[in-house]
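First the structure, in the form of structure tokens, and then the observations on it.
The values are calculated or read from the model by the stated rules, or taken from the named source; none is laboratory data. Predicted model, so just to flag it, every value in this text is computed and none were measured. We place every Cβ from the backbone using ideal geometry, glycine too, and count neighbours over all the protein chains shown.
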Amino acid sequence: MTIKEKYVPGLEGVIASETAISFLDTAKEKIIIKGEDLIALSKNNDYLDVVNLLLEGELPSSLEKVALEDKLKQHYDLPEKVIELLKLLPKQTHPMDAQRTGISMLSGYDDDLDDRSPSANKERAYQLLGNLPTLTVNSYRVLQGQEIVAPKKDLSYSANFLSMITGKLPTELETKIFDQLLLLYSEHEMPNSTFTARVIASTQSDIYGALTGAVASLKGNLHGGANEAVMYMLNDVKTVAEFEELMLKKLQKKEKIMGFGHRVYMKKMDPRALIVKKALKELSAQAGDDLLLEMCEAGERLMEREKGLYPNLDYYAAPVYWMLGIPIPLYTPIFFSARTAGLCAHVIEQHENNRIFRPRVNYIGKAYS
Ligand SMILES: CC(=O)SCCNC(=O)CCNC(=O)[C@H](O)C(C)(C)COP(=O)(O)OP(=O)(O)OC[C@H]1O[C@@H](n2cnc3c(N)ncnc32)[C@H](O)[C@@H]1OP(=O)(O)O
Ligand SMILES: O=C([O-])CC(=O)C(=O)O
């Protein structure tokens, strides 16, 4: 038995891929997506611009953007049998699991499933991006015993998604903030879910399988599931003082506080969280209610003081989702919907230049001769 290489738990700092899609440039404090800075894009562009950037390699002209939105709208309606399948799920099914089941089933409607070419994969990406708002919202509604809602093709992509969730026509501010969340969640280099998708794709498996695995990865509360956990924690208390007390108790018990820390941004605040914190300020001012903002800011100060840890995107996304009137169990499925753009870009790239992922281990088991 030989020990070959130093093992790095969690593969911290290990280079898993070469990619032309994105890079967290911590030295320059930029999240690079195909050469553009995601934070700058979040101020002047919208989610569909980034979808185009990820899948076509450039920001769209206004005509291209209209064409992109029309293309997604052609895929808003789901096959009837997908809805029927969702209705068969046990009522306690987590919405992420329902979303995962729906995505998995969509592979059965693909007439050319064995085609791994970039053009075929790209068409699937657009189809999935069109399907996902309808799938995400209705899988949750079915579990709640609510009626299916139809997408509204006269609204923008993000306004339709949000209005299907809340049942109301969103204001301009609400649509802008929801769209900004989708944009900020769209792609983030090599998180666990993207790694999962690329590992699956590297066996020459299809995009549906890769995304199905990625949903399961994103569900965990060390990853995408943290946004829901943050909101449950905020809802457990009523005042800033109670929130601080709750956090201190958790720290004393050596529990992790959801929404803090990040493998890549450990010593700084996630730049996306700063943008979303601003959105929370806007929504709080509009509602004339600063309580969630004050609680979150107090939590942020406490974690810096006690642990030297900073908020990640999920920490401020949770109260923003809440103020937009979004049910908590949809927070992570919405994250996944947004991330579909980045995940599809990664699967396309993996299929284009593939070598199967097959690492080795250091054996620490029972001795053998
Ligand atoms: C959009 C996203 O998916 S962002 C990630 C969302 N996830 C969360 O918010 C969950 C909470 N955060 C965490 O669990 C972690 O910070 C992760 C998973 C994000 C990163 O994990 P890692 O890079 O493996 O860091 P690791 O867990 O080793 O933490 C390093 C140290 O900081 C501590 N730490 C890290 N995050 C937290 C936290 N949220 N609360 C309390 N302590 C923490 C750890 O206990 C550890 O301390 P130790 O060295 O004394 O043992
Ligand atoms: O990068 C990560 O590890 C997790 C994350 O923030 C994301 O996926 O957006």
Among the candidates Lys267, Lys256, Lys307, Lys250, residue that is closer than 19 Å to Phe335 by Cβ, of a type in the set (Lys, Arg) and within 11 Å of ligand 1 (Cβ to nearest atom): Lys256
For the range 256-266, state whether one or more residues are without any contact (Cβ under 8 Å) to a residue 40 or more places away in the chain and away from ligand 2 (no atom under 16 Å from the Cβ). no
If I filter the range 113-126 for residues that are closer than 19 Å to Lys219 by Cβ, modelled with pLDDT of 95 or more and either touching a Lys or Arg at 6+ places or on another chain (Cβ under 8 Å) or assigned by TED's automatic domain parsing to the domain that holds Glu64 (or both), do I get at least one hit? no
Residue check: is Glu84 free of Cβ contacts under 8 Å to residues at least 60 places away in the same chain, assigned by TED's automatic domain parsing to the domain that holds Thr340, acidic (Asp, Glu) and within 19 Å of Leu143 (Cβ to Cβ)? yes
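Report yes if some residue within the range 173-196 is in the same structural domain as Pro118 (by TED's automatic domain parsing), over 29 Å from Ile31 (Cα atoms) and not in a loop (DSSP other than H, G, I, E, B); otherwise report no.
No, the conditions are met nowhere in the range 173-196.
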Considering residues that are away from ligand 1 (no atom under 15 Å from the Cβ) and either assigned by TED's automatic domain parsing to the domain that holds Gly342 or part of a loop (DSSP other than H, G, I, E, B) (or both), the number found within the range 17-29 is 8
Inside the range 251-369, counting only helices (runs of 4 or more DSSP H) that do not spill past its ends, which hold 3 or more residues that are over 19 Å from Tyr232 (Cβ atoms)? 271-287, 291-307, 331-352
Inside the range 192-212, can you point out the residues that are surrounded by fewer than 21 Cβ atoms within 10 Å (Cβ to Cβ) and within 16 Å of ligand 1 (Cβ to nearest atom)? Asn192, Phe195
